[in-house]
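**Q** Have a look at this one.
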Amino acid sequence: MEFTKPTIEYATLWPLLVVFGVAVVGVLFEAFLPRERRFVAQSVLAVLGLLVALGGTAYVWTQLDEIRVDGQGVVARGELAAGQTLAVDGPTIFLWGLVLLFSIAGVLLFAERRLEGGVSTFAGQAAALPGSEAEREASTRGLHHTEVYPLLMFAVGGMMLFPTANDLLTMFVALEVLSLPLYLMCGLARRRRLLSQEAALKYFLLGAFSSGFFLYGAALVFGYAGSMQFADISEAVRNGTGNNALLLIGMGLLAVGLLFKVGAVPFQAWTPDVYQGAPTAVTAFMAACTKIAAFGALLRLFYVAFGAERWDWQPMLWVIAILTMLAGAILAAVQTDVKRMLAYSSVAHTGFLLVGVLGVRSAGAVGTDEITALQSVLFYLATYAPATVGTFAIVTLVRDAGGEATAFSKWAGLGQRSPLVAGAFGFLLLSMAGIPLTGGFVGKWSVFTVAMAAGAWPVVLVAIVASIISVFFYVRVILLMFFSDDDTSEVTDAETGWGAGTVTATLERVETAAVTKPSLLTSGTIAVCVLLVVLLGLVPGPILDLAGDAGQFIR
């Protein structure tokens, strides 16, 4: 067979290439720059690279041509690139913009040094054993683990490539490119190193298993369709000429790999441990951007490759969405740690997003219902990301003598000591709960509406119940901050040694935490996130229109 050299559409893909290029330059900085100059050089390089890529994304959107989808009368904007292995279309550009915007926020949180007394939250020497003489020496010298910046850029590149992939092999490569740097960064916390390294190991092992499921599913689907290309798979599904068992099993295994990345039940076990153990700046970046990229890939896979098989995969997503919403909300309600509570909250939000994915009415349809479902999910991601980044950024500010204080008992009376910070945190929690006049309310309304119109009303009813449960644990934290005394707090059975998770009425004196004054990097990130949530709640029209103008995936 003769090899045909693929044509690379550099004018379309250059924002993606900029991100990978900056990552490579960051590696060279680590090799050749003196250690004392790396921090400034790496952080500035990362921010500039992301800003250039963000501007390039907006420019590429203006240059996309309109094409017909599947030869039908429906018109979408986009272009197939790199030998049709990549699809740059409206949803891709929207997802690129979200990933790049909140990756910039991630870089700013990575660069925060004031909270740790002049050093970053990352270990000075990752290879040093926790508590060893080498680690103490690295901390004493104030060493910075600046490799996190090129790692972040490689992860961002993978996140941009993931929803762009137009065949299963490219999607698998993107999955690994975004995952491997995250596995490393989760284990680099300066404090609580053992907890951080445990989180990284769990994430790596479970992520490796999920990647194996994805790859095996890709092999089975290739056996069914004879191709890795989404368009060819879709054509084979429409014709129904292959072995249907191969298709169904392969589709299920591919779903395992993607549902693991978004943290859906029953693949969510890694989420609370990783969110709690990773450096909080990494948690903020990972929680927002990974979900954006993974949902983009999930939508493209199920809408483009398996769109004609909706009657088979929609019931599966019905069950997973229901289990994810209920498990996330119920388990979040019994947590005693802020980061673990936010982790299970993230699981519940995954269920809400899956409700939007179910917003397509008929099997194989290409039209306004798919556009509306895409619009609702894209808008929900736009409201979820700033609330998530903002809450985790605030978590980094609440500290005691041991560093970040994430136990609920430490947050008692925080609203009296730092009303501005506690107020911002409470407002972001209300947005996550879906309270009116916040971005979260409009996001939930959009996904619930499209799912109801598609006939998934049982899932919507469960979503409403899960939302009511979520109000409880969000408001519980707000009450703890504003209506508990400084010297008392709720004590749980888990803290007193009686059994896990049940809140008792016992009150006892505990050491509360204080809010540490951050630099402009973290302060600006929090302010922008709060402002975005306010604007998306009061004036959602422009972003809703932008998500609608993104149209649909090209085939």
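**Q** Mind listing whichever residues of region 27-47 are part of a helix (DSSP H, G or I) and either more than 28 Å from L13 (Cα to Cα) or free of Cβ contacts under 8 Å to residues at least 12 places away in the same chain (or both)?
**A** Of everything in region 27-47, those that are part of a helix (DSSP H, G or I) and either more than 28 Å from L13 (Cα to Cα) or free of Cβ contacts under 8 Å to residues at least 12 places away in the same chain (or both) turn out to be L28, A31, F32, R35, E36, R37, R38, F39, V40, V44.
**Q** Look at D312 and say whether it is acidic (D, E) and under 30 Å from S196 (Cα atoms).
**A** No.
**Q** I would also like to ask the following. Taking the conditions exactly as written (outside any loop (DSSP other than H, G, I, E, B), modelled with pLDDT of 90 or more, under 21 Å from the mean Cα position of the chain (by Cα) and among the hydrophobic types (A, V, I, L, M, F, W, C)), does A373 satisfy them or not?
**A** For A373, the condition - outside any loop (DSSP other than H, G, I, E, B), modelled with pLDDT of 90 or more, under 21 Å from the mean Cα position of the chain (by Cα) and among the hydrophobic types (A, V, I, L, M, F, W, C) - is not met.
**Q** Then there's this: Take the residues in region 59-78 that are under 19 Å from Y10 (Cβ atoms) and surrounded by fewer than 19 Cβ atoms within 10 Å (Cβ to Cβ); name whichever of them is modelled with the highest pLDDT.
**A** Applying the filter and picking the extreme gives Y59.
**Q** Out of everything in region 259-279 that is in contact with a Leu (Cβ under 6 Å, 6 or more places away or on another chain) and hydrophobic (A, V, I, L, M, F, W, C), what residue ends up being surrounded by the fewest Cβ atoms within 10 Å (Cβ to Cβ)?
**A** Selected residue: W270.
**Q** If you don't mind, another one. Among the residues of region 520-555 satisfying the criterion of being in contact with a helix residue (DSSP H, G or I) (Cβ under 8 Å, 6 or more places away or on another chain), modelled with pLDDT of 90 or more and polar (S, T, N, Q), which is farthest from Y303 (Cα to Cα)?
**A** So, considering only residues that are in contact with a helix residue (DSSP H, G or I) (Cβ under 8 Å, 6 or more places away or on another chain), modelled with pLDDT of 90 or more and polar (S, T, N, Q), the one farthest from Y303 (Cα to Cα) is T522.
**Q** List pairs: first residue in region 340-353 and touching a residue at least 60 places away in the same chain (Cβ under 8 Å) and under 13 Å from K261 (Cα atoms), second residue buried (at least 24 other Cβ atoms within 10 Å of the Cβ) and aromatic (F, W, Y) anywhere in the structure, Cβ distance under 9 angstrom, at least six positions apart or on different chains.
**A** Within 9 Å, the pairs are S346/Y275; S346/Y384; T350/F295.
**Q** Checking V256 against (1) on the phi < 0 side of the Ramachandran plot; (2) surrounded by 24 or more Cβ atoms within 10 Å (Cβ to Cβ), which single condition isn't satisfied?
**A** Condition (2) is where V256 drops out.
**Q** Restricted to region 222-253, and to residues that are free of Cβ contacts under 8 Å to residues at least 40 places away in the same chain and touching a Leu at 6+ places or on another chain (Cβ under 6 Å), which residue is surrounded by the most Cβ atoms within 10 Å (Cβ to Cβ)?
**A** Filtering first and then ranking leaves G250.
**Q** Let me ask something else. For region 21-38, what are the residues that are under 27 Å from the mean Cα position of the chain (by Cα) and surrounded by fewer than 19 Cβ atoms within 10 Å (Cβ to Cβ)?
**A** Hits for region 21-38 are G21, V24, V25, V27.
**Q** Taking the conditions exactly as written (in contact with a helix residue (DSSP H, G or I) (Cβ under 6 Å, 6 or more places away or on another chain) and either in a helix (DSSP H, G or I) or surrounded by fewer than 17 Cβ atoms within 10 Å (Cβ to Cβ) (or both)), does G217 satisfy them or not?
**A** The answer is yes for G217.
Condition check ((1) at pLDDT below 95; (2) in contact with a helix residue (DSSP H, G or I) (Cβ under 9 Å, 6 or more places away or on another chain); (3) under 14 Å from H144 (Cα atoms)) across all residues:
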{"site": "T85", "(1), (2), (3)": "yes, yes, no"}
{"site": "T92", "(1), (2), (3)": "yes, yes, no"}
{"site": "L100", "(1), (2), (3)": "no, yes, no"}
{"site": "I104", "(1), (2), (3)": "no, yes, no"}
{"site": "F110", "(1), (2), (3)": "yes, yes, yes"}
{"site": "R114", "(1), (2), (3)": "yes, yes, yes"}
{"site": "V119", "(1), (2), (3)": "yes, yes, yes"}
{"site": "A126", "(1), (2), (3)": "yes, yes, yes"}
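**Q** Within region 383-411, work out how many residues are in contact with a strand residue (DSSP E or B) (Cβ under 9 Å, 6 or more places away or on another chain), within 21 Å of Y344 (Cβ to Cβ) and aliphatic (A, V, I, L, M).
**A** Looking only at that region, the number is 5.
**Q** Is it true that some residue in region 154-166 is buried (at least 24 other Cβ atoms within 10 Å of the Cβ), among the aromatic types (F, W, Y) and in a loop (DSSP other than H, G, I, E, B)?
**A** Yes; the residues of region 154-166 include at least one that is buried (at least 24 other Cβ atoms within 10 Å of the Cβ), among the aromatic types (F, W, Y) and in a loop (DSSP other than H, G, I, E, B).
The values are calculated or read from the model by the stated rules, or taken from the named source; none is laboratory data. Keep in mind that this is a model prediction, so the values were computed, not measured. Cβ: placed from backbone, ideal geometry, glycine included. Neighbour counts: every protein chain shown.
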